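Only the coordinates and a few stated rules stand behind these numbers; no lab work does. Keep in mind that what you see is a predicted model, and the values were worked out from it rather than measured. Every residue, glycine among them, receives a Cβ derived from its backbone with ideal geometry; neighbour counts consider all protein chains shown.
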Amino acid sequence: MAVPTTNSLSCSGHKIWDNYSSHTSHDVRDWTSKQPWLKVVPLPPYAPELNPVELLWKIVKDAIANRAFRSIQSVVVNRSADR
């Protein structure tokens, strides 16, 4: 059984491109420009409302901000009690 490669995919792909430095490196830009099936959709320089991972980081930050935990286990226990 042959394993399909990115060159043989019949569907197109979209990459939502935030401005994280490793996403915008020369190597990544070069690779994406050579993928005819891939459409890059760049986000504005500062648009946390358009980037779902930013919402996740806000939830994590709000859950642990200004608290002192003695261990990772206490973070999990305290988070479970907040629900």
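The table below lists the values:
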| read-out | value |
| --- | --- |
| All lysines inside 28 Å of residue 34 as judged from Cα atoms, apart from same-chain residues fewer than 8 positions distant | 15 |
| Karplus-derived HN-Hα couplings along segment 54-71 (A = 6.51, B = -1.76, C = 1.60, θ = phi - 60°), whole Hz, x at Gly and Pro | 5, 5, 4, 4, 5, 4, 5, 4, 5, 6, 10, 5, 6, 10, 10, 10, 8, 7 |
| Two-site FRET efficiency, residue 58 against residue 38, from Cβ-Cβ distance with R₀ of 41 Å, rounded to 0.05 | 0.90 |
| Long-range amide H partners of residue 17 with built H, under 5 Å | 41, 43 |
| Anchor residue 39: aspartates and glutamates whose Cα lies under 14 Å away (excluding residues fewer than 8 positions away in-chain) | 18, 30 |
